[in-house]
1. Quick check: anything in the range 144-151 surrounded by 14 or more Cβ atoms within 10 Å (Cβ to Cβ), part of a loop (DSSP other than H, G, I, E, B) and either outside the structural domain of Lys44 (by TED's automatic domain parsing) or not acidic (Asp, Glu) (or both)?
2. Among the residues of the range 50-64, are any over 30 Å from Arg125 (Cβ atoms) and either of a type outside the set (D, E, K, R) or modelled with pLDDT of 90 or more (or both)?
3. Conditions first: (1) in a helix (DSSP H, G or I); (2) surrounded by fewer than 19 Cβ atoms within 10 Å (Cβ to Cβ); (3) in the same structural domain as Gly39 (by TED's automatic domain parsing). Trp109 passes all but one, so which condition is the exception?
4. Since Ser74 meets every condition but one in (1) closer than 30 Å to Asp37 by Cα; (2) among the hydroxyl-bearing types (Ser, Thr, Tyr); (3) not assigned by TED's automatic domain parsing to the domain that holds Ser27, which condition does it not meet?
5. Looking at the structure I just gave you, is Val130 surrounded by fewer than 16 Cβ atoms within 10 Å (Cβ to Cβ), within 30 Å of Ala65 (Cα to Cα), touching a strand residue (DSSP E or B) at 6+ places or on another chain (Cβ under 7 Å) and not assigned by TED's automatic domain parsing to the domain that holds Val52?
6. Do you know which of the residues in the range 129-155 that are over 19 Å from Gln29 (Cβ atoms) and acidic (Asp, Glu) is modelled with the highest pLDDT?
7. Of Ala97, Ala119, Ala67, Ala112, which residue is within 29 Å of the chain's Cα centre (by Cα) and more than 25 Å from Ile47 (Cα to Cα)?
8. Out of Leu45, Leu73, Leu62, Leu85, which single residue is surrounded by fewer than 19 Cβ atoms within 10 Å (Cβ to Cβ) and touching a residue at least 40 places away in the same chain (Cβ under 8 Å)?
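The values are calculated or read from the model by the stated rules, or taken from the named source; none is laboratory data. Model, not experiment: these values are computed from the prediction. For neighbour counting, all protein chains shown are included, and Cβ atoms are generated from backbone atoms with ideal geometry for every residue, glycine included.
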Amino acid sequence: MRGSGIPLADPISAAWNTVARFDDYQSAQRAVDRLSDDGFPVEKLDIVGSGVRLVERVTGRLTTARAATAGALSGLWAGLLFGVLLGLFTSGHSFLAVAATGAALGVLWGAAFGYVAHARTRGQRDFSSVSQLVATHYDLIAREGTVERARYMLGEAGLMPDPAPDTDR
């Protein structure tokens with residue numbers, strides 16, 4: 001992004017400024033946190049995830065009843081929000097009636113849409129899941145000549161990972 005004040009990352013020069021490579025994000029985050037605690041200028045660091053892969057965790061079997069229930073819950077919140085917004089323009093005790101009617105209609109429509117949406121798949125996807133992008137490793141990158149200082153400080157703190165064999169060459 002030009003003009004944003006943030007320099008564009010150059011992958012070639014970033015490779016020469018790698019402080020350490022971590023197998024998980026929490027380890028890289030812990031290293032930056034320790035450097036921050038020790039007074040290192042952490043604004044000169046980047047955590048770069050590489051080797052991105054999609055992980056889909058199957059959470060359960062999806063039946064038309066479960067699809068309708070999930071739709072009803074989504075519809076409940078949408079209907080309640082709509083009912084409350086409409087209720088703001090009513091007077092007296094009718095506010096609660098409008099909000100409750102909106103919630104009830106939301107439940108009905110949500111359940112119907114959830115049921116129909118699942119039934120239309122005709123058994124092609126009878127499971128529910130959650131997807132997440134995950135990196136295979138995380139590089140801690142230092143800018144502006146701070147790489148050696150960061151390596152030294154992490155080494156002193158015992159947070160430098162064991163160097164992995166170089167398999168890229």
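1. Just the residues of the range 144-151 that are surrounded by 14 or more Cβ atoms within 10 Å (Cβ to Cβ), to begin with: 146-147, 149-151.
Remaining after also requiring part of a loop (DSSP other than H, G, I, E, B): 146.
Now drop any that are not either outside the structural domain of Lys44 (by TED's automatic domain parsing) or not acidic (Asp, Glu) (or both), which leaves 146.
Yes, because at least one residue in the range 144-151 is surrounded by 14 or more Cβ atoms within 10 Å (Cβ to Cβ), part of a loop (DSSP other than H, G, I, E, B) and either outside the structural domain of Lys44 (by TED's automatic domain parsing) or not acidic (Asp, Glu) (or both).
2. Of all residues in the range 50-64, those over 30 Å from Arg125 (Cβ atoms) come to 50.
Subset that is either of a type outside the set (D, E, K, R) or modelled with pLDDT of 90 or more (or both): 50.
Yes; the residues of the range 50-64 include at least one that is over 30 Å from Arg125 (Cβ atoms) and either of a type outside the set (D, E, K, R) or modelled with pLDDT of 90 or more (or both).
3. In the conditions (1) in a helix (DSSP H, G or I); (2) surrounded by fewer than 19 Cβ atoms within 10 Å (Cβ to Cβ); (3) in the same structural domain as Gly39 (by TED's automatic domain parsing), Trp109 misses (3) alone.
4. Failing condition for Ser74: (1).
5. On the way: surrounded by fewer than 16 Cβ atoms within 10 Å (Cβ to Cβ): yes; within 30 Å of Ala65 (Cα to Cα): yes; touching a strand residue (DSSP E or B) at 6+ places or on another chain (Cβ under 7 Å): yes; not assigned by TED's automatic domain parsing to the domain that holds Val52: yes.
For Val130, the condition - surrounded by fewer than 16 Cβ atoms within 10 Å (Cβ to Cβ), within 30 Å of Ala65 (Cα to Cα), touching a strand residue (DSSP E or B) at 6+ places or on another chain (Cβ under 7 Å) and not assigned by TED's automatic domain parsing to the domain that holds Val52 - is met.
6. Restricting to residues being over 19 Å from Gln29 (Cβ atoms) and acidic (Asp, Glu), the top hit is Glu148.
7. On the way: Ala97 fails: within 29 Å of the chain's Cα centre (by Cα); Ala119 fails: within 29 Å of the chain's Cα centre (by Cα); Ala112 fails: within 29 Å of the chain's Cα centre (by Cα).
The match here is Ala67.
8. Details: Leu45 fails: surrounded by fewer than 19 Cβ atoms within 10 Å (Cβ to Cβ); Leu73 fails: touching a residue at least 40 places away in the same chain (Cβ under 8 Å); Leu85 fails: touching a residue at least 40 places away in the same chain (Cβ under 8 Å).
Testing whether each residue is surrounded by fewer than 19 Cβ atoms within 10 Å (Cβ to Cβ) and touching a residue at least 40 places away in the same chain (Cβ under 8 Å) leaves just Leu62.
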